[in-house]
Structure formats: C-alpha cells, structure tokens
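Throughout, read-outs are computed from the coordinates displayed, never taken from laboratory work. The structure presented is a predicted model; accordingly, all values stated were derived computationally and were not measured. Glycine also receives a Cβ, built like all others from the backbone with ideal geometry; neighbour counts cover every protein chain displayed.
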Amino acid sequence: MGTGAVGVEHGQGERLRGLLCGTYDRLVGQLLVVTGSLQDAEDVVQEAFVRACGRWPAVRDYDLPEAWVRRVALNLATSGLRRARRRARLLVRLGPAAEVPALSVEAVALTRTLRRLPLRGREALVLRHVVGLSVQQIAHQLGVPAGTVTARLSRARVALARLLAAEQEQEIGHAHR
C-alpha cells in the first residue's frame with residue numbers, strides 16, 4: 001500500500017516511512033546544533049521530508065537519501081538564519097519600539113466584538129475611526145471606489161450596533177439572575 005502522498009508511488013511509502021523513522025531523530029539532533037533551537041530544527045527537518053516526499057521518485061534512487069534530506073534541511077536552516085539576521089538588523093535601524101499603552105477592558109471587549117464583523121467592514125471602520133482617514137483616503141488605500149467604502153462603513157456600523165445591543169442584552173440578563 002502507498003502512502004497516498006504526492007510523488008510517492010504505490011508500494012514506495014514503506015521505504016519513505018523507513019527513511020523518516022530511521023533518520024528523523026538523528027537529523028533533528030544535527031540541525032539543533034546548527035539552529036540552536038529544537039523547534040527550528042524540527043521545522044526544517046519536517047519541511048525537508050515534505051520536499052523529499054514531493055521528489056520521491058528521484059530521491060529514492062540516491063545512494064544516500066538521508067544526505068539529500070540533510071542538505072535540504074541545512075539549506076532551509078541557513079535561509080532561516082539569514083532572514084533572522086536581516087530582521088535583527090532592520091529592528092536595530094528602526095530603534096526601540098514605541099511604548100504601547102495597556103488596553104482597557106472596554107477596548108479588549110470592543111476588539112473581540114469587532115472581530116465578529118466581516119473583514120472588509122472591519123478594515124473600513126478601523127481606517128475611518130482609529131486611523132482617522134477620510135472616505136477618499138480609505139478608497140485610495142484599499143483601491144476601491146469611495147461609494148464602496150461608504151457602503152462598507154454603513155453595513156459595518158449597522159452590524160456593530162446589532163452586536164453591541166445583543167451583548168448589552170446578554171449582560172443585563174446575567175445581572176438579573
């Protein structure tokens with residue numbers, strides 16, 4: 001029986017499974033030394049095995065398929081480390097993050113309610129009432145006509161009012177119990 005995985009022919013799944021079971025822990029241990037993180041090591045080894053599965057017709061014929069998986073995992077780890085270094089250099093250039101004030105209980109509750117709105121309405125509301133953009137600026141930012149922004153704002157406000165009213169009714173109901 002095959003594994004049903006892409007690139008793995010009927011009957012070849014056992015050989016791939018054997019490669020995975022026989023080398024996974026060893027490869028994670030080797031990559032742990034490279035990445036310095038067990039989670040990162042597991043991630044790159046797992047991704048390397050996914051890629052081996054997709055290229056199994058070629059990889060299975062290599063003298064040492066484990067070496068191919070290791071090379072792919074090492075390449076992924078190197079790419080990840082480069083990305084992390086670039087990110088760190090960028091953060092240093094940007095300087096310390098601005099201090100963010102703590103959220104009030106009301107702000108957290110409003111955010112939870114806003115998450116229940118459709119994304120397009122939510123983004124229009126945020127751009128209008130949090131960022132302070134005009135309808136024309138929002139239209140330009142989103143690449144839609146101003147009428148579309150107006151309609152999204154209107155629908156989102158109606159939906160938000162309904163959600164807030166329902167939450168208020170629910171709170172009143174709990175208070176009377």
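List of remarks:
- Across G132, G95, G13, mean-square fluctuation computed from a Gaussian network of the chain (C-alpha pairs under 10 Å connected) peaks at G132.
- Sorted fewest first by neighbouring Cβ atoms within 10 angstrom, Y62, Y24 come out as Y62, Y24.
- Longest exposed-site-free window of the chain, the sites being GluC sites (Glu not before Pro) in a DSSP loop that have at most 15 other C-beta atoms within 10 Å: 10-98
- Helix runs (DSSP H) in the chain reaching 15 Å along axis by Cα, Kyte-Doolittle at least -0.5: 13-35, 38-54, 65-94, 146-175
- Dipole of region 105-175, positive direction: furthest Cα of Q168, V144, L110, with charges on the beta-carbon: V144
- Correct option for Kirkwood radius over Cα pairs in Å [calculated from the coordinates] among (i) 16.6; (ii) 17.8; (iii) 21.6: (iii)
- Rounded to the nearest 20 debye, the dipole magnitude of the chain is 700 debye, with +1 charges on Lys and Arg beta carbons, -1 on Asp and Glu beta carbons, and the Cα centre as origin.
- 222 nm mean residue ellipticity, helices alone, for the chain (DSSP H n ≥ 4; -39,500 (n - 2.57); rounded to 500): -24000 deg cm²/dmol
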